[in-house]
Amino acid sequence: MSDDTRSLWDAEAEAFDDAADHGLRDPDVRRAWADLLLPLIEGRRLRVADLGCGTGTLSVLLASEGGHLVSGVDFSPEMIRRARHKAGATTPRPTFTVADASDPPLPRGSFDVVLSRHVLWALPDPAAALDRWIELLAPAGLLILIEGRWHTGVGLTADESLRLVSERREDVQLRMLDDPAYWGGAITDERYLIVSRG
């Protein structure tokens with residue numbers, strides 16, 4: 001990704017958490033995300049890669065409420081700075097790295113879970129990125145993608161993402177996320193969750 005792209009996301013960081021699903025400042029929205037994600041990631045102290053983690057909200061949620069060992073990666077130094085601040089005294093404390101989420105500098109085959117929210121659609125080569133993400137997973141690892149096709153016309157449709165994952169994994173499940181509880185209000189976009197177990 002270019003320096004211009006990095007600068008764009010650095011500039012977005014200041015107001016990034018204002019979106020209900022980014023900052024999870026509303027307790028009801030936070031609970032909705034916790035109730036969605038935590039049951040998917042069974043057990044505690046699992047190794048989770050949060051790719052394109054932004055300001056680290058989901059990383060902190062999974063560490064503080066799920067007890068998971070989270071490694072967050074984001075291209076934007078300002079997003080990562082805010083993520084580290086947000087993590088504070090969270091136990092276990094997530095680690096955050098400034099790097100390209102499409103090719104994260106993380107050890108292959110070492111994660112129980114790879115999570116990405118609203119990132120795959122924005123990458124230059126989603127298929128290649130997905131290949132790299134799957135390589136991070138240990139045997140029987142869990143892939144969690146939260147994606148969408150927005151009313152602006154950008155993004156990936158559920159069918160497009162489902163095809164990408166199904167070409168690489170056998171156990172793939174799709175769930176539409178049209179409940180306003182996740183977003184702080186009604187949406188007109190196509191937003192969804194894909195879960196794939198190895």
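The values are calculated or read from the model by the stated rules, or taken from the named source; none is laboratory data. Keep in mind it's a predicted model, so treat the numbers as computed, not measured. All Cβ positions, glycine included, derive from the backbone under ideal geometry; neighbour counts span all protein chains shown.
Within region 163-175, how many residues turn out to be surrounded by fewer than 19 Cβ atoms within 10 Å (Cβ to Cβ) and either within 17 Å of the chain's Cα centre (by Cα) or aliphatic (A, V, I, L, M) (or both)?
Start the filter on region 163-175 by keeping residues that are surrounded by fewer than 19 Cβ atoms within 10 Å (Cβ to Cβ), which leaves 163, 166-171, 173-175.
Retained after the next criterion (residues that are either within 17 Å of the chain's Cα centre (by Cα) or aliphatic (A, V, I, L, M) (or both)): 173-175.
Residues in region 163-175 being surrounded by fewer than 19 Cβ atoms within 10 Å (Cβ to Cβ) and either within 17 Å of the chain's Cα centre (by Cα) or aliphatic (A, V, I, L, M) (or both): 3 in total.
Among the residues of region 49-81, what is the count of those that are surrounded by fewer than 24 Cβ atoms within 10 Å (Cβ to Cβ) and on the phi > 0 side of the Ramachandran plot?
So the count comes out to 1.
Matching residues to (1) at pLDDT 95 or above; (2) in a strand (DSSP E or B); (3) surrounded by fewer than 16 Cβ atoms within 10 Å (Cβ to Cβ); (4) β-branched (Val, Ile, Thr):
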site	(1), (2), (3), (4)
SER102	yes, no, no, no
ASP131	yes, no, yes, no
LEU142	yes, yes, no, no
ILE146	yes, yes, no, yes
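Considering only region 1-46, state which residues are among the hydroxyl-bearing types (Ser, Thr, Tyr), over 18 Å from HIS118 (Cα atoms) and in a helix (DSSP H, G or I). Let's see the steps before the verdict.
Restricting attention to region 1-46, the residues satisfying the condition of being among the hydroxyl-bearing types (Ser, Thr, Tyr) are 2, 5, 7.
Within this subset, residues satisfying the condition of being over 18 Å from HIS118 (Cα atoms) are 2, 7.
If the condition is that a residue be among the hydroxyl-bearing types (Ser, Thr, Tyr), over 18 Å from HIS118 (Cα atoms) and in a helix (DSSP H, G or I), then SER7 is the only one that fits.
State all residues of region 19-37 that are surrounded by 13 or more Cβ atoms within 10 Å (Cβ to Cβ) and under 17 Å from MET176 (Cα atoms); if no residue qualifies, say none.
Answer for region 19-37, where residues must be surrounded by 13 or more Cβ atoms within 10 Å (Cβ to Cβ) and under 17 Å from MET176 (Cα atoms): ASP21, VAL29, ALA32, TRP33, ALA34, LEU36, LEU37.
Filter region 13-43 for residues that are touching a His at 6+ places or on another chain (Cβ under 8 Å) and closer than 18 Å to LEU145 by Cα and give the result.
ILE41
Answer yes or no: is there a residue in region 147-155 that is in contact with a helix residue (DSSP H, G or I) (Cβ under 9 Å, 6 or more places away or on another chain) and under 13 Å from LEU115 (Cα atoms).
Yes, region 147-155 contains at least one residue that is in contact with a helix residue (DSSP H, G or I) (Cβ under 9 Å, 6 or more places away or on another chain) and under 13 Å from LEU115 (Cα atoms).
Which of the residues belonging to region 104-129 are closer than 18 Å to MET176 by Cα and not in a strand (DSSP E or B)?
Of all residues in region 104-129, those closer than 18 Å to MET176 by Cα come to 115-121.
Within region 104-129, HIS118, VAL119, LEU120, TRP121 meet the criteria.
Can you run down the residue pairs with Cβ atoms below 6 Å, 6 or more apart or on separate chains, where the first is in region 81-106 and without any contact (Cβ under 8 Å) to a residue 60 or more places away in the chain and the partner is aromatic (Phe, Trp, Tyr) and buried (at least 16 other Cβ atoms within 10 Å of the Cβ)?
ALA83/PHE96; ARG84/PHE96
Say whether the condition of being assigned to a loop (DSSP other than H, G, I, E, B), out of contact with any Leu (no Cβ under 9 Å at 6 or more places or on another chain) and surrounded by 13 or more Cβ atoms within 10 Å (Cβ to Cβ) is met by at least one residue in region 149-157.
Yes, region 149-157 contains at least one residue that is assigned to a loop (DSSP other than H, G, I, E, B), out of contact with any Leu (no Cβ under 9 Å at 6 or more places or on another chain) and surrounded by 13 or more Cβ atoms within 10 Å (Cβ to Cβ).
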